[in-house]
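See structure below.
The values are calculated or read from the model by the stated rules, or taken from the named source; none is laboratory data. This is a predicted model, so every value here is computed, not measured. All Cβ positions, even for glycine, are placed from backbone atoms using ideal geometry, and neighbour counts span all protein chains on display.
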Amino acid sequence: MASLRDIKNRITSTKKTKQITRAMQMVAASKLNRAQEKAQAFNPYAEKIKEVVASMAASGTDATHPLLEERPVKKTGYIVITSDTGLAGGYNSTLIRRLTNTLNERHNSKDEYALIVIGRIGRDLLKGRGLPIIQEMIQVQDQPEFSDIKSLASTTVDMFADQVFDELYIWHNHFVNPLTQVPTENKVLPLAGLEEEVDNEKSNASYIYEPNEQAILDQLLPQYAESLIFGALLDGKASEFGARMTAMSAATDNANSMIDDLTLSYNRARQAAITQEITEIVGGAAALE
């Protein structure tokens, strides 16, 4: 049986752990609010680009672009967005597990796909499984700017245009609420059929293109593809902070429960010790009579 000193030391250490998890919960909640604001502020920009590109596609223009072309799939690219740090519950492990299951079901060989990984946790897990990683990015700041992801996004889009792979998917945790993050796969490239995703009223809007539609398409399509990657990163960051806030809240609740149990054990042990001392005193007094 643990001594009173041992139990008291455990209570003290658990209280210190509770202070840490509580502080981490509050920090994650603050970062979550900023991440949500950033993602919401980015959405109008991405939607407007999508609207313009869809309008061009629906107008029957002769303009073409490699990002619009569907071709036989010999190799598939996957962008995987994870976190750089842990203590976020199943945020990373659930996504990686579903991704690897999909890869095993969809492909017969590792030569049929390539991974672009964002986040140290995902990189380490996927590299440990021996999966082919052709690009990686770690140490992404908590509130990323487009400039942070520009190089990786641009290189990835160029790889598709250069036929390094023939289709591109992005895997990330979609933020629903702080308690729910859903592992999600979205197809990024090719952009064929984009006009079907925008309602007719918007896609039929009249635009004047200067100097011409082809020049606008050459400039706009890579930006749109890159914006999809950046938007998924913002969504993934909101999910990360939501998952971490929930995990730290659960850890704090567990610490409170442990403190209550340990305090009860301490009081019982203390009461038993006092009873034992009284019994010894009474027994000693009786022996002296």
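Couple of notes before you dig in:
- Test: residue in region 95-103 that is assigned to a loop (DSSP other than H, G, I, E, B) and in contact (Cβ under 8 Å) with a residue 24 or more places away in the chain: no
- Members of region 12-35 that are surrounded by fewer than 16 Cβ atoms within 10 Å (Cβ to Cβ) and of a type in the set (A, V, I, L, M, F, W, C): I20, A23, M26, V27
- Consider region 77-123 and keep the residues that are surrounded by 14 or more Cβ atoms within 10 Å (Cβ to Cβ) and of a type in the set (D, E). The one that is nearest to T21 (Cα to Cα) is D84.
- Test: residue in region 10-25 that is at pLDDT below 90, among the basic types (K, R) and touching a helix residue (DSSP H, G or I) at 6+ places or on another chain (Cβ under 6 Å): yes
- Test set (1) surrounded by 18 or more Cβ atoms within 10 Å (Cβ to Cβ); (2) over 19 Å from the mean Cα position of the chain (by Cα); (3) outside any helix (DSSP H, G or I) - Q163 fails condition number: (1)
- Single condition V53 does not satisfy, out of (1) at pLDDT below 90; (2) surrounded by 17 or more Cβ atoms within 10 Å (Cβ to Cβ); (3) under 30 Å from Q25 (Cβ atoms): (3)
Let's see how each residue does on (1) surrounded by fewer than 17 Cβ atoms within 10 Å (Cβ to Cβ); (2) closer than 22 Å to N173 by Cβ:
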residue: L217; (1), (2): no, no
residue: S227; (1), (2): no, yes
residue: L234; (1), (2): no, yes
residue: A243; (1), (2): no, yes
residue: D261; (1), (2): yes, no
residue: Q271; (1), (2): yes, no
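- The residue pairs whose first member lies in region 254-279 and is within 18 Å of N9 (Cα to Cα), whose second member is outside any helix (DSSP H, G or I), and whose beta carbons are closer than 8 Å, counting only pairs six or more residues apart or on different chains, are S265/A2; A269/M1; A269/A2; A269/S3.
- Restricting region 239-271 to residues that are hydrophobic (A, V, I, L, M, F, W, C) and over 30 Å from L4 (Cβ atoms), the residue that is farthest from the chain's Cα centre (by Cα): M248
- Against the list (1) outside any strand (DSSP E or B); (2) under 22 Å from the mean Cα position of the chain (by Cα), the condition T64 fails is (2).
- For region 172-192, the count of residues that are β-branched (V, I, T), modelled with pLDDT of 90 or more and under 17 Å from L228 (Cβ atoms) is at least one.
- Subset tally (residues that are surrounded by 15 or more Cβ atoms within 10 Å (Cβ to Cβ) and among the charged types (D, E, K, R)) for region 144-158: 1
- Among residues of region 28-47 that are under 21 Å from L179 (Cβ atoms), those with a Cβ under 6 angstrom from a residue that is surrounded by 12 or more Cβ atoms within 10 Å (Cβ to Cβ) and among the aromatic types (F, W, Y), sequence gap 6+ or separate chain, pair up as A28/F241; K31/F241; L32/F241; A35/F241.
- Residues that are under 29 Å from N104 (Cα atoms), of a type in the set (G, A, S) and outside any loop (DSSP other than H, G, I, E, B), drawn from region 120-154: G122, G128, A153, S154
- When every residue of region 242-262 is checked against the conditions, none turns out to be in a helix (DSSP H, G or I), within 23 Å of T156 (Cα to Cα), in contact with a strand residue (DSSP E or B) (Cβ under 9 Å, 6 or more places away or on another chain) and at pLDDT 75 or above.
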